[in-house]
1. Could you please find all residues in the stretch 126-158 being at pLDDT below 80 and surrounded by 12 or more Cβ atoms within 10 Å (Cβ to Cβ)?
2. Determine which single condition residue 277 fails, assuming it passes every other condition in (1) under 28 Å from residue 326 (Cβ atoms); (2) crowded, with 16+ Cβ neighbours inside 10 Å.
3. Out of curiosity, is residue 198 surrounded by 17 or more Cβ atoms within 10 Å (Cβ to Cβ) and assigned to a helix (DSSP H, G or I)?
4. Could you check the stretch 121-136 and list, in sequence order, the residues that are in a loop (DSSP other than H, G, I, E, B) and touching a residue at least 12 places away in the same chain (Cβ under 8 Å)?
5. Consider residue 276 carefully, then state whether it is in the same structural domain as residue 192 (by TED's automatic domain parsing) and touching a strand residue (DSSP E or B) at 6+ places or on another chain (Cβ under 9 Å).
6. Taking the stated definitions as given, is residue 241 on the phi > 0 side of the Ramachandran plot and surrounded by 14 or more Cβ atoms within 10 Å (Cβ to Cβ)?
7. Looking at 187, 195, 166, which is the one that is at pLDDT 90 or above, in contact with a strand residue (DSSP E or B) (Cβ under 6 Å, 6 or more places away or on another chain) and more than 30 Å from residue 277 (Cβ to Cβ)?
């Protein structure tokens with residue numbers, strides 16, 4: 001850098017010198033060049049700044065190439081071409097492009113595309129904009145999950161779309177303290193595994209079952225489908241009543257209780273969580289116990305299939321002191337904040 005400063009300073013000083021003094025200095029420099037040529041050193045030490053100055057001067061004054069003695073003109077041209085390549089390499093350098101997408105946003109895009117197989121990049125991009133995430137649509141398409149086959153809903157989504165209109169019913173037997181057999185009737189809705197009705201009788205008939213179905217529906221719209229077994233108590237009266245309500249009767253295949261698996265599983269929960277710990281005195285006692293269990297099951301009991309929520313959704317409480325409220329005579333408890 002000091003050599004460049006000295007060169008510029010000499011150029012400024014030469015502007016104020018006489019022509020005779022300049023000619024004398026040129027002669028002195030030429031004589032020194034003659035001496036250097038006579039000595040023929042192996043290779044003079046030339047730095048990058050020397051290459052830059054000589055190449056720039058020869059580009060401005062092409063005739064000055066004849067005055068080059070330390071190096072050949074071809075060397076200066078080679079330096080110029082190398083400098084040209086370096087300049088355009090710097091000008092075409094890789095500049096920072098789009099900002100990097102965080103791992104959290106990438107996971108969110110992938111989760112959205114997997115949970116909504118019918119959505120494309122524009123739909124996912126629109127949802128992200130509504131969440132305040134400013135990202136390009138092409139970036140969304142880049143991080144969406146790739147599928148080999150055509151877009152299709154999963155079995156879980158398919159079943160959930162049909163579960164809201166499906167109701168299941170089944171009978172179960174409960175012995176009393178005097179070894180008398182009572183029949184419990186379970187009517188449940190598939191959408192939230194909610195118990196609609198729990199009836200008790202000693203002699204189930206088709207007319208009684210039809211009336212219980214009407215009690216279960218109440219003021220709510222009638223279900224589209226009814227799943228039941230092929231018990232003989234579902235007689236012609238029951239079938240006609242079901243059809244008059246606009247319900248499609250769907251009896252399961254003979255000896256195939258797995259086709260009514262939700263009701264069978266719920267009856268098992270009623271036995272394990274309630275009836276196996278109680279000695280039933282009579283029909284009235286059993287009805288009271290089952291209605292108490294229905295209140296506990298629908299409003300308090302959490303379910304894995306409902307993301308740890310109850311069939312009738314419970315609000316999350318985060319303020320207050322935790323208190324235990326006994327249910328079913330203290331057999332189970334509900335914990336709330338007061």
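1. As a first pass, look at the stretch 126-158 and keep what is at pLDDT below 80: 147-158.
Across the stretch 126-158, the qualifying residues are 153, 157.
2. It fails just one condition, (2).
3. When the stated conditions are applied, residue 198 does not pass them.
4. 133, 135, 136
5. no
6. On the way: on the phi > 0 side of the Ramachandran plot: no; surrounded by 14 or more Cβ atoms within 10 Å (Cβ to Cβ): yes.
Considered against the rule, which asks whether it is on the phi > 0 side of the Ramachandran plot and surrounded by 14 or more Cβ atoms within 10 Å (Cβ to Cβ), residue 241 comes out as no.
7. Answer to the check: 166.
The values are calculated or read from the model by the stated rules, or taken from the named source; none is laboratory data. Only a predicted model underlies this, so the values are computations on that prediction, with no experimental measurement involved. Cβ sites come from the backbone with ideal geometry, for glycine too, and all protein chains shown count toward neighbours.
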